[in-house]
Amino acid sequence: MTPPETSAPADLIALLQAATGTDAPELRKLRDQAVSSGQSFDRVLINRGLKEEAVLGAFAEDLDLEFVPKFEGVKVPAAFVDSVPLSFARAHDMVAIGKEGEGLIIATSHPLDLHPQDDLLAMLPCPVRFVLSPRQEITELVNRAFRHRADGVDEALGDLEDTDIAGLAASIEDGEDLLDVANKAPIIKLVNSLLFQALKLRASDVHFQPYQDRMQVRFRIDGILYNMETIPKNAQDAITSRIKVMGKMDIAERRLPQDGRATIRIGDGEVDVRISVVPTSEGERCVLRLLDKTARVYDLKQIGLDGQNRQILEHYLSFPHGIILVTGPTGSGKTTTLYASLTKVSTGDKNILTIEDPVEYQLDGISQVQVNVKKGLTFAAGLRSFLRQDPDVMMVGEIRDIETAEIAIRAAITGHLVFSTVHTNDAPSTVTRLIDLGLEPYLVSSSLVLVIAQRLVRTLCSTCRTWVTPDQEQIGALKAVAVEVSMLKDGKLAISPGCEECFHSGYQGRTAIYEMLPMTDTMRELVMKSASATELKRASVSAGMRTLRQDGAMKVVEGITSPEEVMRVTQLDLV
C-alpha cells in the first residue's frame, strides 16, 4: 500500500472545506496544530467536533481510498479473526469487512496511522486493500466478530491456584483497562476477562452466584440469564474480594450487604459498573450492572415505534408544557425512550435539564444531574432547584413520592415540558397511581398530556430467521396473542431455529412494544370523576388505543418477534 501524505496539501483543505463547511483558515490552523502536537490531522479535526463521516469522506477522496460509511450484513472473514489479536483490532480500529480474491478488505478509521497498518500487513498471510469507515461502525463489528473467542477466561481459570486474598486489596487504578491483562494476577485476569466477555455479548448484568460446590457466573443478555463459566469453590473468596476492591468496599465485612461503583475501560471506551454484594448461606453473592458510556443513544426511529405510535409521540413532544410519563418495570427500556425523546426536542434553542439515578448516557447540549441522597440531592430537591434555572424542558428519573409528583405537576402547569417515569403495569393504571399518591384528580387531568407504557421483547435472530407455514401448535400460539393466520404476510410466520450467532436461542437483540394513552377531553373527564383503571382502559381502547399485547401482535405479523415473547412480557387484555 502506498503511504498517504501526512501533511495537508491545498486540495485536501478544499475537500475538507466542502465536506465539513469549515473555513479554510480554520482548517489550516488545525493542520498546524496537528503538526505541532504530533497528533494526526484527522483526529484533531474529529476531536474539534467536525463530523467524522465528512472528515473521512474527504480523506478518502484525497487518498484515493474507498469510503464505506455503514456495515450492513457484513461478516468478518475467519482469516482476520484467527490472525489478528482482539486487542490490536480494538486499539487501532481496524477490521476486515470482506474478501477480494485471495486478499482481504480492511476498514480503518485512521487514514494517517501507517505503523499499525504495516503491523497488520505483517500479521495477515494475504494481500490487503484498505478502506475508510467510521470508528463506531468498526467497534461494533469487532465486538460481533470476536464474540465467540474464549477471551482468556479458560486460560485464567487454568492459572488459578491458592491466591493471597490480602494481596488483592492493593490500590486499584481508576478506569482499569480490561484489555490490559498481561502480568496480572490470575484472579484479576479472570475477573477482567469475564467482564470483557460480558460486554462483548451485550450483557447488562453479571452474576457471581455461590453454590455449595462451586461459584456460577451468569450473564443477563437481552433480559434472560444464561449460565456461563463455573469457577472452583476455593477461588470464591478471592473473586469476591477482587470485586469488592473494584467497588472500593470493605473486604473484611462479610455479614452485611454492600454497594459500590467502579469505572473500567476497554481500549478508550468507558463502562460504569454498579456492584452489589449480599451475604448468603453459601457465601457472598455479587451482581455487577454494566452501563457502557460509549453506547449510542437511539433516536425515535430506532426504538420500536411504528408509524402510528411515533406520530402520536412526536405530536406531544411539540407541546410547550405538560407531563409525559413512561411506565413499565425495571429494565423495560424507559430510559432509552426518554433519551430518544429528549434528543428529539433538543434543537439548540431550549434549556433542558435532567436529574437521574444514575446518569446512564451523556447527552450533548443537555445538563444532567446525578442524584446524591447522602448529600440531600433527591429527585424532589433537584426538580425544585431546576425551576430556578429558567428551564424549557425537564426530566426527572422517577416519580416515587407525593413531593416529587407535586413539583413535577407545578412545573407542567407553569409552562414547562416535564418527562418522567412511574412503575405501573399499563398506561391507564398510571393515572390512578398518581391519584393514589395523593394528587388531586383535577391537577392530574390538567397537567398530564401523554402516558406511554412499554416492555422489551427479544427480536428474532436475523441470521437464522426463516418464514414457514405455521403448524397447529404455532397457530395456537398465534391465537393466544390474537393473531389469525389470515393476518400473516402470505400466510407465513417468521421463526428462528437458532444458530451460533444467537447462542442457539433464536433471538438476538431487543425492541420495544408500546401502549400510548393520550389525555383527550374524554379521558380528562373520566379522571376528574376518579374513574378506575379498568374504566380508563375500556374508554381508551374504544378511542383507538393499541394495547401492549396488540402492539406485540403486530410485531409478530411483521416477523420481528415471536408469539411466545409477546406472551412472556404482556398480560391478557381484559377490557
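Brief remarks follow.
- Close pairs from the range 194-207: first at negative phi and assigned to a helix (DSSP H, G or I), partner modelled with pLDDT of 90 or more and open to solvent by 10 Å² or more (accessible area, probe 1.4 Å), Cβ under 8 Å, at least 6 apart: Leu195/Leu290; Ala198/Leu290; Leu199/Leu290
- Qualifying positions in the range 372-398 - among the polar types (S, T, N, Q) and buried (at least 17 other Cβ atoms within 10 Å of the Cβ): Thr378
- Residues located in the range 302-360, provided they are small (Gly, Ala, Ser), farther than 20 Å from Arg455 by Cβ and touching a Phe, Trp or Tyr at 6+ places or on another chain (Cβ under 9 Å): Gly322
- Filter result for the condition that a residue is open to solvent by less than 70 Å² (accessible area, probe 1.4 Å), under 21 Å from Glu140 (Cα atoms), in a helix (DSSP H, G or I) and at pLDDT 85 or above, over Ala54, Ala58: Ala54
- Meets criteria (part of a loop (DSSP other than H, G, I, E, B) and open to solvent by less than 20 Å² (accessible area, probe 1.4 Å)) for Leu342: no
To keep it simple, each residue is scored yes or no on (1) at pLDDT below 90; (2) open to solvent by 50 Å² or more (accessible area, probe 1.4 Å); (3) in contact with a helix residue (DSSP H, G or I) (Cβ under 7 Å, 6 or more places away or on another chain).
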{"residue": "Ala182", "(1), (2), (3)": "yes, yes, no"}
{"residue": "Leu190", "(1), (2), (3)": "yes, no, yes"}
{"residue": "Phe196", "(1), (2), (3)": "yes, no, no"}
{"residue": "Leu199", "(1), (2), (3)": "yes, no, no"}
{"residue": "Ser204", "(1), (2), (3)": "no, no, no"}
{"residue": "Pro210", "(1), (2), (3)": "no, no, yes"}
{"residue": "Arg214", "(1), (2), (3)": "no, yes, yes"}
{"residue": "Thr230", "(1), (2), (3)": "yes, yes, no"}
{"residue": "Thr263", "(1), (2), (3)": "yes, no, no"}
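- Taken as a whole, the range 440-456 holds no residue that is without any contact (Cβ under 8 Å) to a residue 12 or more places away in the chain and hydrophobic (A, V, I, L, M, F, W, C).
- Selection count where residues are surrounded by fewer than 15 Cβ atoms within 10 Å (Cβ to Cβ) and of a type in the set (Gly, Ala, Ser), scope the range 399-411: 0
- Sole exception among (1) in contact with a helix residue (DSSP H, G or I) (Cβ under 9 Å, 6 or more places away or on another chain); (2) modelled with pLDDT under 85; (3) surrounded by 14 or more Cβ atoms within 10 Å (Cβ to Cβ); (4) assigned to a helix (DSSP H, G or I) for Ser87, by number: (1)
- Scanning the range 303-313 for residues that are within 22 Å of the chain's Cα centre (by Cα) and in a helix (DSSP H, G or I) yields a total of 3.
- Residues within the range 542-575 that are over 30 Å from Gln472 (Cα atoms) and either open to solvent by less than 70 Å² (accessible area, probe 1.4 Å) or among the hydrophobic types (A, V, I, L, M, F, W, C) (or both), tallied: 3
- Filtered residues of the range 340-355 (kept if of a type in the set (Ser, Thr, Tyr), touching a strand residue (DSSP E or B) at 6+ places or on another chain (Cβ under 9 Å) and farther than 18 Å from Arg384 by Cα): Ser341, Ser346
- Only one entry in Val245, Val277 is farther than 29 Å from Glu137 by Cα and assigned to a helix (DSSP H, G or I), namely Val245.
- In the range 90-138, the qualifying residues are those that are over 21 Å from Leu199 (Cα atoms) and acidic (Asp, Glu), and the one that is least open to solvent (accessible area, probe 1.4 Å) is Asp113.
- Condition check for Ala8: hydrophobic (A, V, I, L, M, F, W, C), open to solvent by less than 20 Å² (accessible area, probe 1.4 Å), part of a loop (DSSP other than H, G, I, E, B) and at pLDDT below 85: yes
- Considering the range 290-325, the residues that are surrounded by 16 or more Cβ atoms within 10 Å (Cβ to Cβ) and among the charged types (D, E, K, R) include one that is nearest to Lys200 (Cα to Cα), namely Asp292.
- Some residue of the range 468-476 being of a type outside the set (Phe, Trp, Tyr), closer than 30 Å to Asn227 by Cα and surrounded by 13 or more Cβ atoms within 10 Å (Cβ to Cβ): yes
- When the range 100-150 is filtered for residues that are without any contact (Cβ under 8 Å) to a residue 40 or more places away in the chain and among the aliphatic types (A, V, I, L, M), the ones remaining, listed by number, are Leu104, Ile105, Ile106, Ala107, Leu120, Ala122, Ala150.
- Boolean, Thr414 is within 29 Å of Gly509 (Cβ to Cβ) and at pLDDT 90 or above: no
- Residues within the range 493-525 that are surrounded by fewer than 21 Cβ atoms within 10 Å (Cβ to Cβ) and in a helix (DSSP H, G or I), tallied: 6
- Which numbered condition Thr280 fails, given (1) within 29 Å of Gln236 (Cα to Cα); (2) surrounded by fewer than 16 Cβ atoms within 10 Å (Cβ to Cβ); (3) without any contact (Cβ under 8 Å) to a residue 24 or more places away in the chain: (3)
- The numbered conditions (1) farther than 24 Å from Pro329 by Cα; (2) of a type in the set (Gly, Ala, Ser); (3) crowded, with 18+ Cβ neighbours inside 10 Å are all true for Ser486 except (3).
- Residues that are open to solvent by 30 Å² or more (accessible area, probe 1.4 Å), closer than 20 Å to Ser540 by Cα and polar (S, T, N, Q) within the range 414-431 comprise just one, Asn425.
- Identity of the residue in the range 66-84, part of a loop (DSSP other than H, G, I, E, B) and among the aliphatic types (A, V, I, L, M), that ends up surrounded by the most Cβ atoms within 10 Å (Cβ to Cβ): Val84
- Thr561 passes every criterion in (1) over 32 Å from the mean Cα position of the chain (by Cα); (2) part of a loop (DSSP other than H, G, I, E, B) apart from (1).
- In the range 356-371 there is at least one residue matching the filter, namely being part of a loop (DSSP other than H, G, I, E, B), touching a strand residue (DSSP E or B) at 6+ places or on another chain (Cβ under 6 Å) and open to solvent by 40 Å² or more (accessible area, probe 1.4 Å).
- Restricting the range 491-528 to residues that are among the small types (Gly, Ala, Ser) and within 20 Å of the chain's Cα centre (by Cα), the residue that is farthest from Lys301 (Cα to Cα): Gly509
The values are calculated or read from the model by the stated rules, or taken from the named source; none is laboratory data. Worth saying up front: this structure is predicted, and the values here are computed from it rather than measured. Reconstructed Cβ throughout: ideal geometry from the backbone, glycine too, with neighbour counts over all protein chains shown. These accessible areas exclude ligands, DNA and RNA; they are computed on the full protein's heavy atoms, side chains included. Shrake-Rupley method; radii C 1.70, N 1.55, O 1.52, S 1.80 Å.
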